[in-house]
Structure formats: C-alpha cells, structure tokens
Amino acid sequence: MTARLPVFPLATVLFPGLVLPLHIFEERYRALVRHLMALPDGTPREFGVVAIRAGWEVAPGGGRATPGGGEITLHEVGCTAELRQVTELADGGFDIVTVGRRRFRIGDVDRDSAPYLTASVDWLPEPAGPDEAADLLAARVISVFRQYLGLIRPDPEEISEQLPEDPTVLSHLVAATAALTVDDRQRLLAVDDTAARLRAELRLLNRETALLRQVRAVPVPLAELASPPPAPN
C-alpha cells in the first residue's frame, strides 16, 4: 500500500517504539506541526523521519539547498514519528514529543507542493507471530548488550533491567541505544526480518565490545591525557 507523507530529514535514525523529542524552529517545520495539529480527531498525526545521506539538516536561509547548490539526499528507508505532545513557544516555535511508529520505503519526493518535503511511501512489513530463531537470538543479544552497557555506562543496570522480551522491540531498542554510526543504524532499520536484524546486532555489539575493551586496556594515566603538550624549545 502506498501513501503520501510529510518528510522531516534529520541527521539521525528513528526506530519504531522509540521516543524522539524535537525543537521546531524553522518556519517550514512549524507549518508541518500546524498542519498535523489541524487534522481531524482520529486521524494519525504522523510524519516521516528519514536520515540524511548527504547535505545539511538545517539549510542556510531556510532553504533546502546545500552550500554547494545541491539538494539534500535521503536514505531510502525511514520511520514515521507520531505526534504525542506539543508545546507552543512564545517565538512561534514548538517543542514536540514523538514516538516512532512504522517503517517505510521512500518513492518519489515532492519538494514544491508544500513548505516541507513530502514523499510517496510504501509501508514495510513487520513480523507477525512467534519466531523461534528470533527468540533464541534475543537471549544472546541481551547477554552481549548487558556486557556492552557495562563498558559504556556507570550504572548499566538501569537499562539492562528494563530490556524488553519481545525480539522485535528489543532489536529496535538495541539499534537506537548502542553507540553506532548513522550508517549502521540505517542498515538495521532497513532489515525486514527480526532474526536477521538481531544477528547483525550481535556482530556489531561484539565488534564494539572488543574495541571498548582494547581502548580500556591502554595503560595511559588520565592525568597524562589531561596535561597540555610540552612547549617547544
């Protein structure tokens, strides 16, 4: 099924079920928020969040062009953000809270019919029903993710105790929480199969955990790292 969505390019990747707060200050996106708020009750108030492949998130002068004159380019797969809370500010801007809802693949992009981008999108499939392979992989991902959190957070138990049991929800949480690149996150968002996404996350978590352990093993005193280099003679 194809639909048309307002599109909000960002330098980040949104996943289903994850919270995304945004400060809206550009007029084109103020217009988007006003459009969503004016929709009839019962109509989904959602827009597409798509990670920027190249270009600028906030263009000079409020336009869409990069300094070199080219348009921004977007990744093909994004996630809708459902508007949950809106606070209107004195300067006409908004602070909003959104939650990721459903994944889509972008078709044609319309840059002219509205102040903001719109695009035709095809909804991507989500898993339905139990998946034994995903269940087994989820247990392994939770174990490795807890080790990873122990290396990067002062109190990893705060998150590890709240890890979801549902494999799909877990896969989205890990992808959004781990310190991955936008490209890594984008590849995970584009995976349709939960088991395949969890396998990819296992590889990424093992890679990141190994790197963190190597970095921590370097015997350089913190005081030395904080000291300025000696002045040249």
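Here, each number is a calculation from the coordinates, and none is a lab measurement. Note that the coordinates shown come from a computational prediction; the quantities given were computed from them, not determined experimentally. Virtual Cβ from ideal backbone geometry, glycine too; neighbours counted across all protein chains shown.
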Over its Cα atoms, what ratio of radius of gyration to 2.2 N^0.38 Å does the range 74-148 give?
1.63
Of 113-122, 194-203, ordering from highest average Cβ density within 10 Å down gives 194-203, 113-122
Arg203 versus Ala190, label points 7 Å from Cα toward the beta carbon: distance in nm?
1.4 nm
List every residue whose amide H lies under 5 Å from the amide H of Thr98, counting only residues 5 or more places away in sequence or on a different chain, with H placed 1.01 Å from N in the peptide plane.
Leu20, Leu22, Arg84
Please give the residues of the range 69-107, grouped as numeric ranges, whose backbone N is less than 18 Å from a label point set 7 Å along the Cα-to-Cβ vector of Ser113.
105-107
So for each of 82-92, 29-39 I average, over its residues, the number of other beta carbons within 10 Å; can you give me the resulting order with the highest mean first?
29-39, 82-92
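Taking the mean number of other Cβ atoms within 10 Å as a proxy for protection, how do you rank 168-181, 98-111 from highest to lowest? Can you show the working numbers first?
Details: 168-181: 19.9, 98-111: 17.2.
Put in order of decreasing packing, that is 168-181, 98-111.
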